[in-house]
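For reference, the structure is listed below as structure tokens.
The values are calculated or read from the model by the stated rules, or taken from the named source; none is laboratory data. Keep in mind that this is a model prediction, so the values were computed, not measured. Cβ coordinates were reconstructed from backbone atoms using ideal geometry, including for glycine residues, and neighbour counts include every protein chain displayed. All accessible areas refer to the heavy atoms of the entire protein, side chains included, with ligands and DNA or RNA removed. Shrake-Rupley method; radii C 1.70, N 1.55, O 1.52, S 1.80 Å.
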Amino acid sequence: MSSEHSCVTPAALQSKKRELTSPVFEIDTKKNKIVSVASSSEATEVIEHSDNIESEMTGEGSSMAEKTTSLVIPDAEMLKLSKMLKDTFKSEIVGLVNVIVDGVVDGLNEKIQKLEQTNKELSEENGLLKQRVETLERRVDQAEQYSRRNCLRISGVNETPTENTDDLILNLAADIGADIQLPDIDRSHRLGDRTKARSKPRDIIVKFATYRSRQNFYKKRTVLKQKGHTGVFVNEDLTKLRSSQLYSARKLVKSDMIKGAWSSDGNILIKDKSDKVHRVSAPDDLVQFGLPVMGPGQPEIPRHRRMQEFRPGAYVRATDRSFAEVTAGGSADMDHSGGQA
């Protein structure tokens, strides 16, 4: 203790209170340690004084905290703040939603434009394909009809189990005065299943060796009734499409909407009330003469039987032109009674 007091200067002893508030320390630069130059009692007083200062500061801080926590905001100001925050959040959210919606709409518009362009291209291609299909179907029908130009269908001839259709054709030709011999017949047979029960005999289809022999027989069909062959009819061998057209035309004849309907070389011809001859290319051609248009409750006409637009074809007065001119090289005889003798 004496050594410690010996280190204190006389000026420090005279101003003890000042030394306690501002103690003097010497730093041992060699050992890097802080050496206290005050006595232990003085150090105790310094510590107590610092504790008092801290307590005072703590008291002031607590009082400030109490003042802060006791701050009250009026309701009107709270409403203003709430509204301000709500408007801010709303504008921010609306802005974000608009950005997202604009992006989505732009993408959808782009996709819609691409789809519309693709749809337009497909529609144009579909129209071209339909035209090609209809053209091909007409050509196929024409080729099929041309392959049948030497054939005739004979209906109403009695059928027996041991019959020979070639002999039946020759006997019929002899009765009506047609110069037909066995070499003129290429092939003949009945149509349909023979084992099936029928109320009337099956039709006979005859393929003649030449077109001339076929025409020789076909021209004489008008005298079948006069020769006692009642109920026997001779018709051209038509495709399914042209047979349907002739059937519809004959229904108009029975309804007294047109005067006559017949076929020549596979061409379907009708005669209207004004004695004009029309060529029928599709069922739509008969609409102007009174054929009912297919409605929702009726079976639809197959596509190959429809036309995009009406094609009236060639029509002339029977007294102005020959039948051969009308049918473009067909036979010169006309049966206006309905196509059957």
- Item | Of the criteria (1) open to solvent by 70 Å² or more (accessible area, probe 1.4 Å); (2) in contact (Cβ under 8 Å) with a residue 60 or more places away in the chain; (3) of a type outside the set (Val, Ile, Thr); (4) more than 30 Å from residue 201 (Cα to Cα), which one residue 149 fails | (4)
- Query: Within the range 152-167, can you find the residues that are touching an Asp or Glu at 6+ places or on another chain (Cβ under 9 Å) and surrounded by 18 or more Cβ atoms within 10 Å (Cβ to Cβ)?
  - Reply: 152, 154, 157
- strands (runs of 3 or more DSSP E) wholly in the range 154-267 with at least 2 residues that are among the aliphatic types (A, V, I, L, M) - which ones? 204-208
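Any residue that is acidic (Asp, Glu) and closer than 21 Å to residue 264 by Cβ - is there at least one of those in the range 227-236? Steps first, answer last, please.
Keep residues of the range 227-236 that are acidic (Asp, Glu), which gives 236.
Next, from what is left, pick out any that are closer than 21 Å to residue 264 by Cβ: 236.
Looking through the range 227-236, at least one residue is acidic (Asp, Glu) and closer than 21 Å to residue 264 by Cβ.
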- Task: Can you confirm whether the range 191-199 contains a residue that is surrounded by 12 or more Cβ atoms within 10 Å (Cβ to Cβ) and β-branched (Val, Ile, Thr)?
- Result: no
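Being part of a helix (DSSP H, G or I), within 30 Å of residue 282 (Cβ to Cβ) and of a type outside the set (Gly, Ala, Ser), is that true of even one residue in the range 77-100? Spell out how you get there, then give the answer.
Just the residues of the range 77-100 that are part of a helix (DSSP H, G or I), to begin with: 77-100.
In the following step, the residues that additionally are within 30 Å of residue 282 (Cβ to Cβ) were identified as none.
Within the range 77-100, none of the residues are part of a helix (DSSP H, G or I), within 30 Å of residue 282 (Cβ to Cβ) and of a type outside the set (Gly, Ala, Ser).
For the range 141-153, give me each residue that is among the hydrophobic types (A, V, I, L, M, F, W, C) and part of a helix (DSSP H, G or I).
Step one: of the range 141-153, the residues among the hydrophobic types (A, V, I, L, M, F, W, C) are 143, 151-152.
Within the range 141-153, just 143 meets the criteria.
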